[in-house]
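Presented below is the structure to which this report refers.
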Amino acid sequence: MAGRHIRDMIAAYGQRDDLKFRRAAQAIIQEEEAKKHTVLARELRSALAANAGVGASEHAPALEPPLDRDSSLPLARVEYPQRYLSDLVLDRSVAASLERLAHEVRNWPALDAAGLPRRNRLLLSGPPGCGKTSAVSGIAHELGRPLVTARVEGLISSYLGETAANLSNLFDFASTGSYVLFLDEFDSLGKMRGDTSDHGELRRVVNAVLQQIDTYSGPSLIVAATNHSQILDSALWRRFDSVIELGLPDSRQVSALLGRLLPNNGASLARHYVEELVGLPHAATEYFAVSAKRHALLEGRKRIGDTDINFALTETISRRWL
Ligand SMILES: Nc1ncnc2c1ncn2[C@@H]1O[C@H](COP(=O)(O)OP(=O)(O)O)[C@@H](O)[C@H]1O
Ligand SMILES: [Mg+2]
């Protein structure tokens, strides 16, 4: 590790300069990555990300997202997620795309310096419960950035003029710092766009959202999520410079999830039922594992048994997931 960066970190500590500290730490991580010390680099990055919220709450003013003027409710929620991308069970290619994007965002300064355009607009699509919210949380955590989540529907006020104001306030907010701005339930916009009724004004508002996304050039990463890829017409897709699809888990992924969520004996019992969980989202397997653990605990058993597994399976498949 270059002594220069360590000196910077010590100086940053003395000055209580969180940003300077993080920059020096990032520089060390990048050097370790360049030396192919990937395990160490990863550990350092995780350690840095785990402290993202601490620095922000101690040294920076709390982030206050803008309010909806009509309801006085905040237009977005600010969080410091603690989950890693590697905590998720994903297709190898999807995991690689997400990691690559995080790597790219970390290296925006280098892209800027080389005159190469940044990719800062990501669309995540896929059925509910397959990890869209978890993936965006993982990206924010790995980048050490606050996650600013806005439900698109919550931006659309019954007063159309207010909607436009909400949008520009939200995007202005996203220009005040390096955040991950997450536009959840983005398809509600698609639905409105598909409306053929005389909603000329509404269409103008929708176009305003799209334009905000198109022209955004601030320091935040914008991520939108949709459950319904089919209702996003091509004009919507084109707004994004990366589109990542998170699909239902296959049997290998269900097994991997069970292995992570259940103790060994529970996981081996549950393996016989993998096929029953295939076709349902990751959230269903998670629900199944929690249900089996809860059932065993409430029945006073230390180890998960067949009764718990059967109970959990019935409970899981009788629910509606998609
Ligand atoms: N790929 C995944 N790997 C591990 N857990 C997952 C995955 N996808 C979803 N889950 C679990 O299912 C639940 C719902 O996931 P979420 O990210 O909210 O899905 P979505 O936003 O796509 O509806 C979460 O509790 C999460 O832990
Ligand atoms: Mg979600």
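The values are calculated or read from the model by the stated rules, or taken from the named source; none is laboratory data. What you see is a predicted model; the values in this text were computed from it and never measured. Neighbour counts run over all protein chains shown; Cβ positions are idealised from the backbone, glycine included. Accessible surface is based on the protein model in full, side chains and every heavy atom, while ligands, DNA and RNA are left aside. Shrake-Rupley method; radii C 1.70, N 1.55, O 1.52, S 1.80 Å.
Going by what's in this entry, would residue 179 be described as of a type in the set (Ser, Thr, Tyr) and open to solvent by 40 Å² or more (accessible area, probe 1.4 Å)? Step through it out loud before you land on a result.
Details: of a type in the set (Ser, Thr, Tyr): yes; open to solvent by 40 Å² or more (accessible area, probe 1.4 Å): no.
Answer is no for this residue.
Name the single residue that is farthest from ligand 2 (Cβ to nearest atom) among those in region 83-130 being in contact with a Phe, Trp or Tyr (Cβ under 8 Å, 6 or more places away or on another chain) and over 27 Å from residue 281 (Cβ atoms). First the steps, then the outcome.
Initial filter on region 83-130 (in contact with a Phe, Trp or Tyr (Cβ under 8 Å, 6 or more places away or on another chain)): 118, 120-123, 128-129.
So of that shortlist, the ones also over 27 Å from residue 281 (Cβ atoms) come out as 118, 120.
On the way: 118: 25, 120: 21 Å.
Only one residue tops the list, namely 118.
Helices (runs of 4 or more DSSP H) wholly in region 261-322 with at least 3 residues that are hydroxyl-bearing (Ser, Thr, Tyr) and buried (at least 17 other Cβ atoms within 10 Å of the Cβ) - which ones? Quick ask: steps written out before the conclusion?
Numbers: elements: 264-270, 274-277, 282-298, 306-317.
Hits in region 261-322: 282-298.
Being within 16 Å of ligand 2 (Cβ to nearest atom), open to solvent by 10 Å² or more (accessible area, probe 1.4 Å) and modelled with pLDDT under 95 is the requirement here; does residue 184 meet it? Steps first, answer last, please.
Values: within 16 Å of ligand 2 (Cβ to nearest atom): yes; open to solvent by 10 Å² or more (accessible area, probe 1.4 Å): yes; modelled with pLDDT under 95: yes.
Judged against the criteria, residue 184 is a match.
Provide a single number: the residues in region 143-166 that are open to solvent by less than 10 Å² (accessible area, probe 1.4 Å) and modelled with pLDDT of 90 or more.
Of the residues in region 143-166, 4 are open to solvent by less than 10 Å² (accessible area, probe 1.4 Å) and modelled with pLDDT of 90 or more.
Can you go through 125, 97 and tell me which one is at pLDDT below 95 and in contact with a strand residue (DSSP E or B) (Cβ under 6 Å, 6 or more places away or on another chain)?
Numbers: 97 fails: at pLDDT below 95.
Among 125, 97, only 125 is at pLDDT below 95 and in contact with a strand residue (DSSP E or B) (Cβ under 6 Å, 6 or more places away or on another chain).
For residues that are aliphatic (A, V, I, L, M) and farther than 24 Å from residue 252 by Cβ, tally how many sit in region 265-321. Break it down stepwise before answering.
Taking region 265-321 as the starting set, the residues that turn out to be aliphatic (A, V, I, L, M) are 267, 269-270, 274, 277-278, 280, 283-284, 289-290, 292, 296-298, 304, 309, 312-313, 317.
From the residues that got through so far, the ones that are farther than 24 Å from residue 252 by Cβ too are 296-298.
Number satisfying all stated conditions: 3.
Considering each residue of region 208-237, count those that are surrounded by fewer than 19 Cβ atoms within 10 Å (Cβ to Cβ) and at pLDDT below 80, and give that number.
The number of residues fulfilling the criteria is 8.
Does at least one position in region 269-277 carry a residue that is within 16 Å of ligand 2 (Cβ to nearest atom), among the aromatic types (Phe, Trp, Tyr) and not assigned by TED's automatic domain parsing to the domain that holds residue 152? Break it down into steps so the answer makes sense when it comes.
In the first step, residues of region 269-277 are kept if they are within 16 Å of ligand 2 (Cβ to nearest atom); the result is none.
Taking every residue of region 269-277 in turn, none turns out to be within 16 Å of ligand 2 (Cβ to nearest atom), among the aromatic types (Phe, Trp, Tyr) and not assigned by TED's automatic domain parsing to the domain that holds residue 152.
Would you point out the residue of region 46-74, among those that are under 23 Å from the mean Cα position of the chain (by Cα) and modelled with pLDDT of 80 or more, that is farthest from residue 21 (Cα to Cα)?
Filtering region 46-74 for residues that are under 23 Å from the mean Cα position of the chain (by Cα) and modelled with pLDDT of 80 or more, the one farthest from residue 21 (Cα to Cα) comes out as 73.
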